[in-house]
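Enquirer: Below is a structure I'd like to ask you about.
The values are calculated or read from the model by the stated rules, or taken from the named source; none is laboratory data. None of these values were measured; they are calculated from a predicted model. Because the Cβ atoms are built from the backbone with ideal geometry, glycine has one as well, and the counts that use them run over all protein chains shown. Note: accessible area is taken over every heavy atom of the protein model, side chains too, but ligands, DNA and RNA are not part of it. Shrake-Rupley method; radii C 1.70, N 1.55, O 1.52, S 1.80 Å.
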Amino acid sequence: LDQATAAVNIFRSEYSVYTKWQWNERNKCERLGFARTPAGKMRKLLPDEIYTKSVNTPVQGGAAEVIQSALIHCHRVGLHLINCVHDEILIKSTIEKSNEDSKLLEHCMVKGMLEIFPKATTNKLVEATIGNAWGDCKE
């Protein structure tokens, strides 16, 4: 317990801005009774859920909104969507267009991120890989 407490205290010290955000979110949720995702979806919280779900909702909900936004952008530019698993989007392409389509996919994913988190850092955020099967694209 002492080691865990020390680790938490180090984390809170090193990431003080994030820690402040967490406490602000918790306090806001206690007042309002709900949390919001970055795109505005509301999640009603019971009093015993506020400590964890008030900070989980904007983070996990925001991540889901990012991928949803990216999928919309992929559809709009005509990429052939095959599957989406967590933070990965699989598209079908021809050998001739695979490099072009992979760059377009990366662009759509970055655009999705910036739509939900406009101030996000996007350097090396996305890396598309090309393969004949999903497993070929895993590192």
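Enquirer: Return the carbon/sulfur percentage of the accessible area of the chain, one whole number, probe 1.4 Å, all protein chains in place.
Expert: 55 percent
Enquirer: Of all the C-alpha pairs in the chain, what % are more than 23 Å from each other?
Expert: Tail of P(r) above 23 Å: 50 percent of Cα pairs.
Enquirer: If I model a spin label as a point 7 Å beyond the Cα along the Cα-Cβ vector, how far apart are those points for residue 2 and residue 31 in nm?
Expert: Output for this residue pair reads 4.0 nm.
Enquirer: Can you tell me the 0 to 90 degree angle between the C-alpha axis of helix 50-76 and the longest principal axis of the chain, rounded to 10?
Expert: Around 20 degrees separate the two axes.
Enquirer: Sticking with this one: To the nearest 20 Debye, how big is the dipole of the chain about its Cα centre, given +1 on the beta carbon of each Lys and Arg and -1 on that of each Asp and Glu?
Expert: Charge dipole, the chain, about its Cα centre: 660 debye, nearest 20.
Enquirer: Starting with the highest mean, order 92-101, 119-128 by the number of other Cβ atoms within 10 Å, averaged over the residues of each peptide.
Expert: 92-101, 119-128
Enquirer: Let me ask something additional. What number comes out for accessible area per residue over the chain if the probe is 1.4 Å? Units Å², please.
Expert: 72 Å²
Enquirer: Lys pairs in the chain, Cα-Cα under 14 Å, at least 8 apart or on separate chains: how many?
Expert: Lysine pair count for the chain: 10.
Enquirer: Sticking with this one: Can you tell me the orientation of helix 2-14 relative to the chain, as the angle in degrees between its alpha-carbon axis and the longest Cα principal axis, to the nearest 10?
Expert: 70 degrees
Enquirer: Ignoring everything except DSSP H segments at least 4 long, calculate the 222 nm mean residue ellipticity for the chain; use -39,500 (n - 2.57) per segment, divide by total residues, nearest 500.
Expert: When only DSSP H runs of four or more count, the value is -18500 deg cm²/dmol.
Enquirer: Stretched out fully, how many nm does the piece from residue 87 to residue 64 gain, at 0.36 nm a residue minus the Cα gap?
Expert: Net length gain for the segment: 7.5 nm.
Enquirer: Quick one: length gained pulling residue 77 to residue 16 fully straight, 0.36 nm per residue minus the C-alpha distance?
Expert: Extra length available between residue 77 and residue 16 comes to 17.9 nm.
Enquirer: Let me ask something else. Computed FRET efficiency, Cβ-Cβ of residue 23 and residue 130, R0 30 Å: what is it to the nearest 0.05?
Expert: Plugging the Cβ-Cβ distance into 1/(1 + (r/R0)^6) gives 0.10.
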